[in-house]
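Everything below concerns the one structure shown next.
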Amino acid sequence: MAFRAFWNSPVGPKTTHFWGPVANWGFVTAGLADTQKPPQMISGNMTAAMCICSGLLMRFAWMVQPRNYLLLACHASNEIVQLYQLSRLAKSQGYLDQKKEEVER
Amino acid sequence: MAASKLQAFWNHPAGPKTIHFWAPTFKWGISIANVADFSKPPEKLSYPQQIAVTCTGFVWSRYSTVITPKNWNLFSVNVAMAVTGLYQLARKIRHDYFSETEVMAASKEH
């Protein structure tokens, strides 16, 4: 019963409202896979762009007709993953070394 | 004339007073970031990330014509994502699989 409801839903797998967000989960998966790679491979450009975009797309998912919770969940997750990658990159380039700076003074 | 067109844009359901405008506008950042990364050496590109960008671009180009309101800004930005993603993938694949012969030939000569 529940599966039928899902299958025939106006935002279900027969519609692009489902597959759009599914495609965007690719960013989350890619981001997670890339957390295992050395931070030098992280693209600052791309990661920063994604942090901004996922924030905006979370709002978009809430406001679009029909409201898209799958998309919202996807971009909330991506926001977290991309922020994490950004912090890894920043750390590897020495931007987050606050204690070190104090010691040098 | 121009004023009324500007007003039409300003008040559009997918116009600059709404998230339907700003989300796609900032999504251009992803394509711009990708174009900036055209100059990065292919070893530093990420297959998972570029595949995600490309697939998203294709699927969302379709998605943006089916939602309410229809969003051509979103459509064009996703077309751009698909194109830049494909180009980056081509660069990386060419580097990983098609320049090996050149490298092998060079090492054989030595």
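The values are calculated or read from the model by the stated rules, or taken from the named source; none is laboratory data. Owing to the predicted nature of the structure, the values given are computational and were not obtained by experimental measurement. Heads up, the Cβs are rebuilt from the backbone with ideal geometry, glycines too, and the neighbour counts pull from every protein chain shown. Ligands, DNA and RNA are stripped out before the accessible areas are found, and what is left, the full protein with its side chains, is counted by its heavy atoms. Shrake-Rupley method; radii C 1.70, N 1.55, O 1.52, S 1.80 Å.
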Lys pairs in the protein assembly as shown with Cα under 21 Å (8 or more apart in sequence, or on separate chains) total 17
One finds, for A:GLN65 and A:PHE3 with R0 = 25 angstrom and r their Cβ-Cβ distance, a FRET efficiency to the nearest 0.05 of 0.50
Kirkwood calc, chain A, C-alpha pairs only, radius in angstrom 15.6 Å
Measuring from the longest principal axis of the C-alpha atoms of chain B, the long axis of helix B:100-109 (C-alpha) lies at a number of degrees, nearest 10, equal to 20 degrees
A:LYS37 and B:ILE32 label points (each 7 Å along its Cα→Cβ direction) are spaced in nm at 2.4 nm
Scalar couplings 3J(HN,Hα) for the stretch B:33-41 by Karplus 6.51 cos²θ - 1.76 cosθ + 1.60 (θ = phi - 60°), nearest whole Hz, x for Gly and Pro, are 4, 5, 5, 4, 7, 4, 8, 6, x
Counting other chain Cβ atoms within 10 Å of each Cβ in B:68-78 and taking the mean gives 1
In degrees, nearest 10, the alpha-carbon axis of helix A:16-34 is tilted away from the dominant principal axis of the alpha carbons of chain A by 20 degrees
Once all protein chains are kept in place, B:PHE58 shows an accessible area at probe 1.4 Å, nearest 10 Å², of 120 Å²
Across 5 Å bins beginning at 0, the whole-percent shares of Cα-Cα pair distances in the protein assembly as shown come to 1, 7, 12, 17, 16, 13, 11, 9, 6, 4, 2, 1, 1, 0, 0
Heavy-atom accessible area with a 1.4 angstrom probe orders B:ILE19, B:ILE93, A:ILE52, most exposed first, as A:ILE52, B:ILE93, B:ILE19
